[in-house]
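Presented below is the structure to which this report refers.
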Amino acid sequence: MEGGLNWLEGDRFRHITLGSGIQVAQIVEDRSGGLWVGTSAGLFRVQDGTVLKSYTTADGLPNNRVFAIMEARDGSLWLGTSSGFARFRDGRFTSYSVARPGTPGVRAIWFYEDNAGTLWLGSQGRGVGRLIDGQLSWFGMDQGLNDEVAYSVIEDEEGDLWITTNRGICRVAKRQFEELAEGKIRRVAARIYGPADGLRSSECYGGTQPAGWKRRNGQLLFACIGGAVVIDPPALAGPKTPLPVRIEAARINDRQVQPQTVEVRIPPGDGNLEFEYTAIDFSAPNQVRFRYRLDNVDADWVEADNRRTAYYTKIPPGSYRFRVMAQNVDGTRNDASMSFVLEAHFYQTYWAYSLYALALVLLATSLYRLRVSRMQAREAELVRIVEQCTHELQTDIANRERAEVAAGRLNRALQTLNRCNQALVRAGEEQELLREVCKVTVEVGGYSLAWVGYAEHDEQKSVRVVGHFGGEEGYLDSASISWADTERGRGPTGAAIRTGDACLSRNVAADAAFRPWREEAIHRGYASSIALPLKSMGRPSVRSPSTRPMPMPLMWRKPPSWGN
């Protein structure tokens with residue numbers, strides 16, 4: 001009543017004023033005989049007709065609009081508000097499911113404490129709540145209930161919970177909520193009572209007053225639109241009967257297949273499957289729930305609710321088993337299954353896959369060989385190009401080296417000739433001139449030893465040394481060189497005198513004509529020798545005491561590398 005409370009005492013009504021505009025929603029008497037009043041302005045404590053205290057959000061209430069009150073066995077109060085619920089004990093509030101800023105809170109409108117101390121809640125918008133050991137869970141339509149609004153939750157003597165909603169009265173075995181919370185099942189099996197079962201309306205709305213009540217004799221009373229409903233649970237509970245489940249038809253690979261208990265072999269096809277199944281329950285056939293699973297395809301059960309057909313597409317060849325499980329509102333379960341083999345087209349067989357694999361290997365091998373062949377050809381081409389470039393480079397380098405050597409020889413020759421001309425101008429006598437020429441030949445021309453000899457017309461036809469320069473080290477004293485046609489006259493010096501032409505011994509160690517002087521030459525490091533006849537205007541030198549030319553032998557410490 002707006003503004004306060006009225007109660008009948010004897011034959012007169014008495015009134016307690018709570019405040020202007022305050023609406024009373026719930027009145028509960030506790031064990032001490034005091035009253036707890038839930039209103040639109042908070043919670044009031046009334047004792048012997050006097051308001052002792054009021055509680056609001058300032059004291060810890062989730063919201064000032066209090067719709068439900070229940071005294072628990074431990075003496076605490078459970079209070080439902082429009083934005084959450086709270087527990088009041090020892091003057092303190094503990095809030096649950098309080099709305100966050102900008103979001104609607106849970107509107108708790110019913111409390112029930114079972115024998116185990118578990119608290120069950122009815123709410124508007126969240127279905128049924130369960131609070132156990134401080135853990136709060138909510139169950140709604142996704143979990144198998146028929147509505148998200150629960151006006152009352154009452155337990156009968158058999159352990160079933162009766163829940164009033166806007167869509168009828170829902171009965172669920174309490175143990176199913178426990179199995180659901182533990183993850184053993186995904187949905188509860190709910191038996192829904194509506195107009196077809198005798199209710200005048202499926203809308204069982206109770207407002208702020210109790211929407212349900214349990215009598216001492218176990219009967220349940222519920223408020224519905226059109227009148228109250230009395231339910232005697234034992235009278236409704238008949239003997240539980242088996243729940244037959246059948247796979248009525250199967251269409252596999254566009255072929256109608258009769259379900260059998262033995263494995264069925266299906267010819268090759270497109271892999272499209274369709275199964276029709278059902279369960280026989282005459283008490284509530286529309287409330288039977290199904291789930292199915294195709295082994296080797298589905299990782300888990302597929303929840304089908306009350307749908308009685310399953311579809312699969314593009315299933316590959318192999319062995320399969322289709323299983324369907326049904327559960328009625330009493331929690332009775334049963335299942336059925338059929339096994340079958342989808343045979344493969346030839347291109348899906350292991351032989352075909354082996355051929356595919358072999359072809360793939362051959363293709364890969366061919367591609368690899370082709371690639372290797374191309375790489376080898378490319379490598380050969382690169383090698384050819386490199387060899388060609390190297391040869392051209394080496395030829396160019398050799399030509400340059402030969403040119404440099406030739407230029408060096410020519411330069412030395414020119415320098416030698418220039419120095420000799422200078423010596424000719426400066427020399428005062430022949431002996432000095434010849435020695436200076438030998439010196440220039442060694443220092444500028446790069447020879448190891450240079451000497452000038454006269455061809456004598458004595459009996460031995462000896463060659464007399466008239467000038468020398470270089471690393472002689474007594475070599476000329478022991479040479480005994482002759483220009484006669486004898487062993488000591490067939491060396492480069494003797495041959496140059498006899499023939500009037502330059503005579504060369506490229507390798508004194510291998511030249512047979514140089515044998516008389518070989519040991520001494522090798523001992524001093526001489527490797528090659530050349531004798532040049534000195535001429536003037538194409539004739540023998542005028543300084544020669546005879547018509548025989550005057551030779552100028554030259555010695556190297558390594559064989560020369562001359563061109564043509």
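In order along segment 76-87, phi translates into HN-Hα couplings of 7, 10, 9, 10, x, 10, 7, 9, x, 10, 8, 10 Hz, rounded to whole numbers, per the Karplus curve 6.51 cos²θ - 1.76 cosθ + 1.60 with θ = phi - 60° and x for Gly and Pro. Between Leu294 and Ile280, full extension at 0.36 nm per residue minus the direct alpha carbon distance yields a gain of 2.8 nm. Distance from the Cα centroid of segment 1-66 to that of segment 293-368 is 66 Å (rounded to whole angstrom). Using the Cβ of Glu203 as centre and a radius below 14 Å, the other residues enclosed give a net charge of +1, where K and R count +1 and D and E count -1. Protection proxy ranking for 299-307, 367-375, using the average of other Cβ atoms within 10 Å per residue and placing the highest first: 299-307, 367-375. Among the listed values (1) 19, 33, 34, 14, 0; (2) 15, 22, 12, 8, 6, 9, 16, 11, 2, 0; (3) 15, 20, 17, 16, 11, 10, 7, 3, 2, 0, the one computed from these coordinates for P(r) over Cα pairs in 20 Å bins from 0, in percent is (2). Charge dipole (Cα centre; +1 on Lys/Arg Cβ, -1 on Asp/Glu Cβ; no other charges) of segment 4-236 amounts to roughly 460 debye. Modelled spin labels at Ala196 and Arg255, positioned 7 Å past Cα toward Cβ, are 3.9 nm from each other. Computed from the Cβ-Cβ distance with R0 of 56 Å, the FRET efficiency linking Thr57 to Asn306 stands at 0.80. Ordering Gly33, Trp120, Ser20 by the projection of their Cα atoms onto the charge dipole of segment 5-121, which places +1 on the Cβ of Lys and Arg and -1 on the Cβ of Asp and Glu, puts Ser20 at the extreme positive end. Any chance you could give the angle, 0 to 90 degrees and rounded to 10, that helix 350-426 forms with the longest Cα principal axis of the chain? With both axes taken from Cα atoms, the answer is about 30 degrees. Were the residues from Gln23 through Glu404 laid out at 0.36 nm apart, the gain over their Cα-Cα distance would be 124.8 nm. Remark: segment 477-489, residue by residue, has Karplus-estimated 3J(HN,Hα) of 5, 9, 6, 6, 8, 10, 10, 6, 7, 10, 4, 7, x Hz, where x stands for each Gly or Pro and the curve is 6.51 cos²θ - 1.76 cosθ + 1.60 at θ = phi - 60°. When the Cα positions of Cys170, Asn328, Ala455 are compared along the charge dipole of the chain, Ala455 comes out farthest toward the positive end, with charges on each C-beta of Lys, Arg, Asp and Glu. For the peptides 223-232, 419-428, 145-154, residues were scored by their other Cβ atoms within 10 Å and the scores averaged per peptide; the highest-first order is 145-154, 223-232, 419-428. In terms of the mean number of neighbouring beta-carbon atoms within 10 Å, the peptides 247-254, 108-115, 336-343, 392-399 order highest first as 108-115, 336-343, 247-254, 392-399. For the chain, the longest principal axis of the C-alpha atoms and the axis of helix 430-443 are separated by about 10°.
Under the combined filter of DSSP loop state and at most 15 neighbouring Cβ atoms within 10 Å, segment 434-473 retains these GluC sites (Glu not before Pro): Glu459, Glu473. Take the Cα of Asn411, step 7 Å toward its Cβ, do the same at Gln209, and the gap between the two points is 13.2 nm. Cysteine residues of the chain whose C-beta has no other cysteine C-beta under 4.7 angstrom: Cys170, Cys389, Cys420, Cys438, Cys503. As a calculated quantity, the FRET efficiency between Arg31 and Arg216 at R0 = 22 Å, using C-beta atoms, amounts to about 0.75. Close lysine pairs were tallied over the chain: pairs 8 or more places apart or on different chains with Cα atoms under 25 Å apart number 8. Dipole magnitude for the chain: computed about the Cα centre from +1 point charges on Lys and Arg Cβ and -1 point charges on Asp and Glu Cβ, it is near 1580 debye. Our estimate of slack between Ser480 and Asp142, defined as 0.36 nm per intervening residue step minus the Cα-Cα distance, is 108.6 nm. About the centre of its Cα atoms, segment 400-449 shows a dipole size close to 260 debye [charges on the beta carbon of Lys, Arg (+1) and Asp, Glu (-1) only; nearest 20 debye]. Note on segment 349-425: dipole from Cβ charges, positive end direction compared against Leu367, Asn411, Val425; the farthest Cα belongs to Val425. Given R0 = 56 Å, the distance between the Cβ atoms of Leu358 and Ile132 translates into a calculated FRET efficiency of 0.30.
Extending 7 Å from Cα along the Cβ direction at Gln431 and again at Ser337 yields two label points whose distance is 13.3 nm.
Readers should treat all values here as calculations from the given coordinates under stated rules, not as data from a laboratory. Model, not experiment: these values are computed from the prediction. Every residue, glycine among them, receives a Cβ derived from its backbone with ideal geometry; neighbour counts consider all protein chains shown.
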